[in-house]
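Worksheet: one structure, shown below.
Computed from the coordinates by the stated procedures, all read-outs in this text should not be read as laboratory data. The model shown is predicted, which means the values in this text are computed figures rather than measured ones. For neighbour counting, all protein chains shown are included, and Cβ atoms are generated from backbone atoms with ideal geometry for every residue, glycine included.
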Amino acid sequence: MSDAAPNGFRRLAQFDGARDHAVPQDRLAAIRKGAHALHEELHDADPVVYYRSFDLVRVPYPTKYGFLNACGRPTPYIHIMNRVFVVQFRGFDGRIKTLLMSPTDVEGSKATPFFRDLTDSMGAFKGVGARMIAPQYATVEEALARTGIPPEQVDYLSYDHLHTQDVRRWLGTGGRRGYFPNAKLLVMQREWEITGGHLPWFSYWYCPGGIEGVDPSRVELIDDDVLLGPGVALVRTPGHTEGNHSFCVRTPEGVMVTSENGVGPDAYAPEKSRVPGLRGFAKRTGAEVILNGNSIEGGIDQYLSMVAEKEIAGPSSRNPEFPNVVTSSEFTSYWMFAGLRPTFRFGALSFGEPRIGRAATEPPAAETTETPDRPATVASADR
């Protein structure tokens, strides 16, 4: 169920019209049907060449946002681990592409009003306090260096949404060369449009000037669900923000879906959760998911999107009680906030070996066939 798209990707049609129904339950049924169909399409593809996630920074996050209306313990903060995902996959032109999902510039993101106010609240101890409550484990540059992939080889950057993100150092501004000189930012058009023009409550979560001055030619605006290559998709999942999208990828452990509509596996299977309050909330309300609700731009849409994410993913082989949703910021335990622990978490993941350099990413000539009317097709033996 995919068609050619002008940017070389392929448009997905599984969710066409699903959100047009007047009755939310009808929308839910249509989205569930589309998600099952997309799961089958992605699962039928070969696993991507390389998939690895790295811990970047652990940050405190208000419990009232992370588990909206559901947590039964008066613990003010949970801890979430922000990660960057390095993924290599074969595109429709036969070449291996490198994508970084959620490459947070940790220093740049500190200007976000939420983080600024949290740091300022520590007063004279904010230097030491910030390092204790929000320890950083790596930078994006360090994480990429561990793979051996040079920054010049990165083709795409993407974020499920642009909360707290500053992309200027990566893409460059004002004639200055960015750290990733050949990469394009893949972003939903709606997210790009609203990032610089939100209302005050929502602006609290965006980094001031985080996209200012970026050359438009470095930005690939997307307005559809798309396949980037076999087994790799960006799917519109509005709710947490209006322009939210989810990254769906076929790995050796099945289809994995990444976004921040939820803060970890407990949010996607609350009926199985041991986090105080979540199971009871799910039983009382019938809720299938628990929203990440710091700035709900569309609560109904977010609920529908989280159900779509868990259905696209399917159950995890690591723990079949939870779906294969690997959130970009995952709820974790931390000694400074000992009140809550996740029932199950994925942690950092690694599959396959990176392909480095031009020779490693070009398709062997015998494996690629091209015609003027259709993209390249690649034999499955070397995918």
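Distances between placed amide hydrogens fall under 5 Å for Gly172 paired with Gly178, Tyr179, all partners being 5 or more residues away or on another chain. Here the chain yields Rg over Rh of 0.95, to two decimals, using C-alpha coordinates and the Kirkwood radius. Pairs of Cα atoms nearer than 8 Å and 6+ residues apart set the relative contact order; for the chain it is 23 percent.
Bridgeable aspartates and glutamates around Lys64 (alpha carbons under 15 Å apart, same-chain partners fewer than 8 residues away excluded): Asp266. Ignoring lysines fewer than eight residues from Lys110 along the same chain, the ones with Cα atoms less than 20 angstrom from its Cα are Lys126. If you take all other residues with their beta carbon under 13 Å from the beta carbon of Pro150, and give Lys and Arg +1 and Asp and Glu -1, the sum is 0.
To the nearest Å, what is the center-to-center distance of the range 131-188 and the range 68-116, using C-alpha atoms only? If you average the Cα positions of each part, the centres end up 11 Å apart. Here is what passes the span test in the chain: the DSSP H helices with alpha carbon length of 18 Å or more along the helix axis and a Kyte-Doolittle mean of -1.0 or above are 24-43, 299-313.
The fewest-to-most ranking of Trp170, Trp201 by surrounding Cβ atoms within 10 Å reads Trp201, Trp170.
Ignoring lysines fewer than eight residues from Lys283 along the same chain, the ones with Cα atoms less than 18 angstrom from its Cα are Lys272.
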